[in-house]
Structure formats: structure tokens, C-alpha cells
Amino acid sequence: MARLAGKVAVVFGGARGIGLATVEEFLAEGATVYASDIREPAKRLDAANYSHTIVDATDEDQVGSFVETVLRETRRIDVLFNNVGIHLGKPLVETTLEDFDNIFALNVRAAFLGTRAVLPHMLERRSGSIITTSSNGGVMGRPGDPVYNATKHALVGLTKSIAVAHAAQGIRANTVNPGAIDTDMLRATLASPDEFEAKQHRLVASTPAARVGEAWEVAKAVVFLASDESRFVNGVALPIDGAKAAGAMPGDRYSLDFELGVR
Ligand SMILES: NC(=O)c1ccc[n+]([C@@H]2O[C@H](COP(=O)([O-])OP(=O)(O)OC[C@H]3O[C@@H](n4cnc5c(N)ncnc54)[C@H](O)[C@@H]3O)[C@@H](O)[C@H]2O)c1
């Protein structure tokens, strides 16, 4: 039996990367998926139980009317996936106030608006799983992107607080905390796409698994958190990062003198 059969899932940030991979996994597991994003999907998905709507997840009215439309059509939302995010790879002293406001206004605001729009309905039904994409930078410090990491820590705080407040009412709230995952975002962060192969070696030196991850590897974890298999898992920040958040590697590992793992 499909693990999400009969469930309705709403996805913010479902056009590409981790979001699109999750939409595909949700569909494969039998869910009805209402995806949204500011852009059209990178890949055409032919499924009767799938739609994609252009929604700016930072716009209160757009988020509200998207969720209202889903509820009018289905009368239920079982799963909310807050996946919208942008990266900011700047040292603190180079970060402008505008950079700071922009990234909080996107990464944190989108998850707040999506959750606030869906939670009353989930509370009414006394059932629902909310999954938000944080980062391993949401559970550990990283030197190159402090304000991005601050937004991702904020998402963990929001999520744990929702879990604690509403667990007894049937609501679950968890984050997935990816490490470096091969998506457009990562490639743009690292360099031009052509330089990715060369530069990823440096990037994964601090990853015990010695490789970057793939979007579907995050999507599989999101499916688990969305499904009833995880019904007693609540308030968790789940690293999907080849053990990077688990601890530091021996110093010689950072010399980059090691073999890359095989995907
Ligand atoms: N790729 C990684 O290495 C990595 C690591 C840790 C966490 N993450 C997080 O994973 C999530 C997905 O990232 P990705 O790597 O798939 O990158 P991505 O850029 O491919 O995906 C982000 C999606 O968010 C959408 N989006 C941006 N602004 C939006 C807005 N205002 N309204 C609606 N949609 C909007 C984009 O169009 C895009 O489809 C992000 O939250 C990111 O911070 C990624």
C-alpha cells in the first residue's frame, strides 16, 4: 500500500531541487499534491492528482488564497511542506542590513505564513504533519553563511515550538536539515555550474560521507515524516547530511587528501 494514499499535501517551493523531488516522491506514494512556487516546474509531471500554482510564499494574500482553494477543493490538508529558501554566503561583516532583512523575510516569513495558513485547519481536524526545510546549518555553526544559518536555526525553533504547543491536538512538526545537496541552489552558491565538479571536492572535505547528497535522498526523509510511519516523531530536526552535523572530522581530513565517496 502506498504510504501517503488518501493524503493531501501542500508544497511551497515545489518547482525544482528538493521541492520537486519531494513532489515526485509524494505522488509515487499516492498523495494528492498541490505544489506551488514563484516559478514554473523544471520538469513536466503528468499526474491526475497533481497541480502546480504560482504563489509567492512571502505574500500573505497569495498564501491565504492558495490554501483556501485547496481546502475548498479537498476539505483536507494532511501534509504541509514548507521548502522555500534562498542562500546567502557572506561573512557577517559583509552582510548589509538589506541582505539580512531579505533573507529573514523569505526563509522565515514563508514558513511562518504557510504554517499559519494551514494550522487552524489541521487543529480543527486534530491531524496533520508539517515539515519544514531547515539545513544542517540550522543545528550547527558554519563559518561561511552565518545569517543564512540564523534563518535556518529560526525554523528549527518555530518547528519545535509548534510541536510542543500542538502535539496533544494531533499535530506533528519536524524539520529536515540537509547538508550539501546537488541542486541549482548549491551550484549557484559554489560557482558557475561548470566549476561545480572541481569545487565540490573542497565542499565535501568536511562531510564524513565525502560526497554531496541528491535531492531524492532528502525527499525520502520528507515522505517518512509526512507518513503515519513517523506518527510518534515530533519536534525533530533531522540531519540528512552524510554525518556532517554529527561532529568534526580528524584534522588531516581537511587537507583534502582523501578519496571522494561513490554516489
Ligand atoms: N541544496 C542544498 O545544499 C541545501 C542544503 C540545506 C538546505 N537547503 C534548503 O532546501 C530548500 C530547497 O533548496 P534547493 O537546494 O532545492 O534550492 P532551489 O533554489 O532549487 O529551491 C528553492 C525553491 O524555492 C523557490 N522560491 C524561492 N523564493 C520563493 C518565493 N518567494 N515563493 C515561492 N517559492 C520561492 C524557488 O523558485 C525554488 O524552486 C531551501 O529551503 C534551502 O535553503 C538546501
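From 233, 218, 223, 176, grab the single residue that is modelled with pLDDT of 95 or more, touching a strand residue (DSSP E or B) at 6+ places or on another chain (Cβ under 8 Å) and assigned to a helix (DSSP H, G or I). Full working, then the answer.
Values: 233 fails: assigned to a helix (DSSP H, G or I); 223 fails: touching a strand residue (DSSP E or B) at 6+ places or on another chain (Cβ under 8 Å); 176 fails: assigned to a helix (DSSP H, G or I).
Step by step, each of 233, 218, 223, 176 is checked, and only 218 is modelled with pLDDT of 95 or more, touching a strand residue (DSSP E or B) at 6+ places or on another chain (Cβ under 8 Å) and assigned to a helix (DSSP H, G or I).
For residue 128, indicate whether it is at pLDDT 90 or above, surrounded by 18 or more Cβ atoms within 10 Å (Cβ to Cβ), within 10 Å of the ligand (Cβ to nearest atom) and not basic (Lys, Arg). For residue 128, the condition - at pLDDT 90 or above, surrounded by 18 or more Cβ atoms within 10 Å (Cβ to Cβ), within 10 Å of the ligand (Cβ to nearest atom) and not basic (Lys, Arg) - is not met. Selection of first residues in the range 236-263 that are farther than 20 Å from residue 181 by Cβ and of second residues that are at pLDDT below 95 and assigned to a helix (DSSP H, G or I), restricted to Cβ pairs under 7 Å at least 6 apart or on distinct chains, gives the following pairs, ordered by first then second residue: 253/205; 254/205; 254/206; 256/201; 256/202; 256/205. Among the residues making up the range 1-38, those that are within 25 Å of residue 182 (Cα to Cα), away from the ligand (no atom under 13 Å from the Cβ), surrounded by fewer than 22 Cβ atoms within 10 Å (Cβ to Cβ) and of a type outside the set (Asp, Glu) are 27, 28.
Here are some residues: 95, 74. Which one is away from the ligand (no atom under 15 Å from the Cβ) and either within 18 Å of the chain's Cα centre (by Cα) or under 24 Å from residue 189 (Cβ atoms) (or both)?
Values: 74 fails: either within 18 Å of the chain's Cα centre (by Cα) or under 24 Å from residue 189 (Cβ atoms) (or both).
The unique qualifying residue is 95.
Screening residue 180 with (1) near the ligand (Cβ under 9 Å from one of its atoms); (2) surrounded by fewer than 18 Cβ atoms within 10 Å (Cβ to Cβ); (3) among the aliphatic types (A, V, I, L, M) gives one miss only, at (2).
Under the condition of being in a helix (DSSP H, G or I), touching a helix residue (DSSP H, G or I) at 6+ places or on another chain (Cβ under 6 Å) and under 19 Å from residue 140 (Cβ atoms), the residues counted in the range 186-215 number 1.
The values are calculated or read from the model by the stated rules, or taken from the named source; none is laboratory data. None of these values were measured; they are calculated from a predicted model. When we count neighbours, we look across all protein chains shown, and the Cβ atoms used for this are built from the backbone with ideal geometry, even at glycine.
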